[in-house]
Amino acid sequence: MHSLKSYRRITVKIGSALLVDRAMGLKRDWLASLADDVAELAAGGAEVLVVSSGAIALGRTILGLGRRALKLEESQACAAVGQIALAGAWSDELARCGLKSGQVLVTLGDTEARRRYLNVRATISTLLKLKAVPVINENDTVATTEIRYGDNDRLAARIATMMGADLLVLLSDIDGLYTAPPAQDRSAKFIPVVDRITPDIESMAGAAASELSRGGMKTKLDAGKIATAAGTAMIITAGTRQNPLMAIERGERATFFKPSTHPVKGYKTWIAGQLEPAGVLVVDSGAIGALMSGKSLLPAGVKRVSGSFSRGDTVAIVNQSGREIARGLVAYDAADAVRIAGLKTGEIAAVLGYEARSAMIHRDDLVVSAAGAIAPAQAEGERC
């Protein structure tokens, strides 16, 4: 693991349980120590982006709603109250350290829809150019179960890859990855370095470690797959101590996830990071071989089609055991994809009644996953 000061751009994700005490509210001393860390990294030339949870938890405390389950509209109201308090606290602490800050609230659609993705990227890029620390959170005042990230681990990974960060740091209530959840298995062994997130690594994940947290180790590994595929290294470490970033710098326990040696870049970063594919294409072994060699996905290799999607939507490509092989932007609506699945190229026009594209997904719009690590198909004309 390199020194944090060797990274050019760092995204730091903070969980709700680190920022908010259920009884007392915002943990101001801890936030101050983290702001000191951000300032030290900035003084060394790094650009730091913060993805901060805590709006709902803080709003709940301010409004005195206790621990009871909240209705959707109550959660949204808590977020509205908490966002103001949280943004003000971040602004105050970073200003104390001589840093400007700006709040960016995003929804799932802001990263999944291409045009909105580019708008978010432009806003954050401008904040960084103006030497302001972007403080980013999901806009929980309008998000619903159907249109939300649900955890800030994957949001942080999406932001990190969107902005070309070198490093993603997930500050958690656990100090890294173990072979099993250590609270449940005392024999679990700590893993200091992960070369690649494989199915064996994924099997080590447990459930959420805190009632304030929506995510757990599974969402952190999901975030790792997004980040490392795009060439962003990732660290999971305990944020419960004061000055948690400098604790990493001092060599305290953390798990380091190596970035891919063949990272997805540009336009394909957006495709690879899509969280909720609109459909699934099950393909045969011949199609898998073609995809791995950098070719487009033809209808002949598609065995089954599921989901309700339109042309241009992101779909997952899986083998017949259900393991994801790739994902890409499909060239057909779902109804037509069902009709031509398994057909040779020369048979498509007769079935559809018009001359159509020969590829179900063109290789320029395709990102292949090999052994759990996403790698770009060998296509020309990479776009930004």
Is one or more of the residues making up region 71-86 crowded, with 16+ Cβ neighbours inside 10 Å and either assigned to a strand (DSSP E or B) or of a type in the set (Asp, Glu) (or both)? yes
Identify all residues within region 244-260 that are surrounded by 17 or more Cβ atoms within 10 Å (Cβ to Cβ) and under 20 Å from Leu18 (Cα atoms); write none if there are none. Pro244, Leu245, Met246, Ala247, Ile248, Ala254, Thr255
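Does region 169-204 hold any residues that are in a loop (DSSP other than H, G, I, E, B) and within 13 Å of Thr237 (Cβ to Cβ), and which are they?
Restricting attention to region 169-204, the residues satisfying the condition of being in a loop (DSSP other than H, G, I, E, B) are 173-176, 179-189, 192, 195-198, 203-204.
Asp173, Ile174, Asp175, Gly176, Pro192, listed by residue number.
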Give region 150-168 a look and list any residue that's in a loop (DSSP other than H, G, I, E, B) and buried (at least 24 other Cβ atoms within 10 Å of the Cβ), or say none. Ala165
Within region 87-108, take every residue that is exposed (fewer than 13 other Cβ atoms within 10 Å of the Cβ) and in a helix (DSSP H, G or I) and give me the one that is nearest to the chain's Cα centre (by Cα). Gly88
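Can you find a residue that is farther than 24 Å from Lys131 by Cα, aliphatic (A, V, I, L, M), outside any strand (DSSP E or B) and modelled with pLDDT under 95 anywhere in region 4-11? Please lay out each step first, then the result.
Restricting attention to region 4-11, the residues satisfying the condition of being farther than 24 Å from Lys131 by Cα are none.
No, region 4-11 contains no residue that is farther than 24 Å from Lys131 by Cα, aliphatic (A, V, I, L, M), outside any strand (DSSP E or B) and modelled with pLDDT under 95.
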Any chance you could count how many residues in region 364-384 are modelled with pLDDT of 50 or more and surrounded by fewer than 21 Cβ atoms within 10 Å (Cβ to Cβ)? 1
Checked region 261-294 for anything of a type in the set (D, E, K, R) and either crowded, with 17+ Cβ neighbours inside 10 Å or in contact (Cβ under 8 Å) with a residue 40 or more places away in the chain (or both); matches are Lys265, Lys268, Glu276
Give me the pairs: first residue in region 326-345 and farther than 26 Å from Gly273 by Cα, second residue of a type in the set (Ser, Thr, Tyr) and buried (at least 20 other Cβ atoms within 10 Å of the Cβ), beta-carbon distance under 9 Å, and six or more apart or on different chains, which are they? Arg339/Tyr332; Ile340/Tyr332
Does region 60-74 contain any residue that is touching an Asp or Glu at 6+ places or on another chain (Cβ under 7 Å) and touching a residue at least 60 places away in the same chain (Cβ under 8 Å)? no
Taking region 242-293 and the residues there that are in a loop (DSSP other than H, G, I, E, B), out of contact with any Pro (no Cβ under 9 Å at 6 or more places or on another chain) and among the aliphatic types (A, V, I, L, M), the one that is nearest to Ala331 (Cα to Cα) would be Ala278
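The values are calculated or read from the model by the stated rules, or taken from the named source; none is laboratory data. Small disclaimer: the values here were computed from a predicted structure and weren't measured. Note that each Cβ is placed from the backbone with ideal geometry, even for glycine, and that neighbours are counted across all protein chains shown.
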